[in-house]
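To start, the structure under review is shown below, and the notes come after it.
The values are calculated or read from the model by the stated rules, or taken from the named source; none is laboratory data. Everything numeric in this text was worked out from a predicted model, so none of it was measured. Cβ atoms come from the backbone with ideal geometry, glycine included; neighbour counts cover every protein chain shown.
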Amino acid sequence: MRRRRSSQKGAAAVEFAIVLLPLILITFGIIEFGTYLYNQQVITNASREGARAGIVASSPRVTPAAIKSIVDNYAADNLVTFGTSNSPGVIVTGYASDADFGDDLTIQVTYNYSFLVIPNFIAMEKVRTMQATTVMRYE
């Protein structure tokens with residue numbers, strides 16, 4: 001009876017070793033895709049912040065350079081980048097210094113998100129481009 005127990009202890013160690021890799025992949029997958037979704041929400045909010053700053057009635061109106069600065073600052077404060085110096089691209093369309101009430105201002109933000117661990121184990125692209133577009137009407 002004792003012989004049987006010692007062989008089962010070895011079997012448990014082998015089973016744990018087999019299950020460990022998928023368990024680690026699932027854990028890192030949850031972390032990386034959670035970070036990906038968080039960053040997608042950050043660039044969506046950054047485009048909203050830029051559009052809101054651009055449509056507010058003020059004299060003079062906020063310039064496209066200032067809108068880009070607002071988006072860049074929001075993204076720099078909130079994006080999870082893991083040390084990369086990748087900043088989002090911002091495209092401002094529909095800007096007019098004398099825009100009328102109801103005209104559209106469109107802010108498009110793109111960001112290249114780099115996965116860290118998962119592409120090393122499964123076949124997927126290492127860099128994925130995120131995009132967020134916000135359209136608001138001038139006040």
- Task: Please specify each residue of the stretch 48-61 satisfying the condition of being of a type in the set (V, I, T) and over 26 Å from the mean Cα position of the chain (by Cα).
- Result: V56
- Task: Would you mention how many residues in the stretch 50-78 are buried (at least 16 other Cβ atoms within 10 Å of the Cβ), under 21 Å from E139 (Cβ atoms) and not charged (D, E, K, R)?
- Result: 11
- For S47, indicate whether it is under 30 Å from R137 (Cα atoms), hydroxyl-bearing (S, T, Y) and modelled with pLDDT of 90 or more. yes
- Among the residues listed as G94, G102, the single one being exposed (fewer than 15 other Cβ atoms within 10 Å of the Cβ) and free of Cβ contacts under 8 Å to residues at least 60 places away in the same chain: G102
- Message: So, F28, is that one among the hydrophobic types (A, V, I, L, M, F, W, C), more than 25 Å from Y138 (Cα to Cα), in contact with a Leu (Cβ under 9 Å, 6 or more places away or on another chain) and part of a loop (DSSP other than H, G, I, E, B) or not?
- Response: no
- Query: Out of the stretch 73-128, which residues are of a type outside the set (A, V, I, L, M), more than 16 Å from the chain's Cα centre (by Cα) and part of a strand (DSSP E or B)?
  - Reply: T93, D104, T106
- Item | Yes/no for S47 being in contact (Cβ under 8 Å) with a residue 12 or more places away in the chain, within 17 Å of T134 (Cβ to Cβ), surrounded by 13 or more Cβ atoms within 10 Å (Cβ to Cβ) and not hydrophobic (A, V, I, L, M, F, W, C) | yes
- Scanning for something in contact with a Leu (Cβ under 8 Å, 6 or more places away or on another chain), within 15 Å of A51 (Cβ to Cβ) and not acidic (D, E), does the stretch 96-105 turn up at least one residue? yes
- Task: State all residues of the stretch 118-139 that are loosely packed, with under 14 Cβ neighbours inside 10 Å, under 22 Å from L21 (Cβ atoms) and not charged (D, E, K, R); if no residue qualifies, say none.
- Result: N120, F121, I122, A123, M124
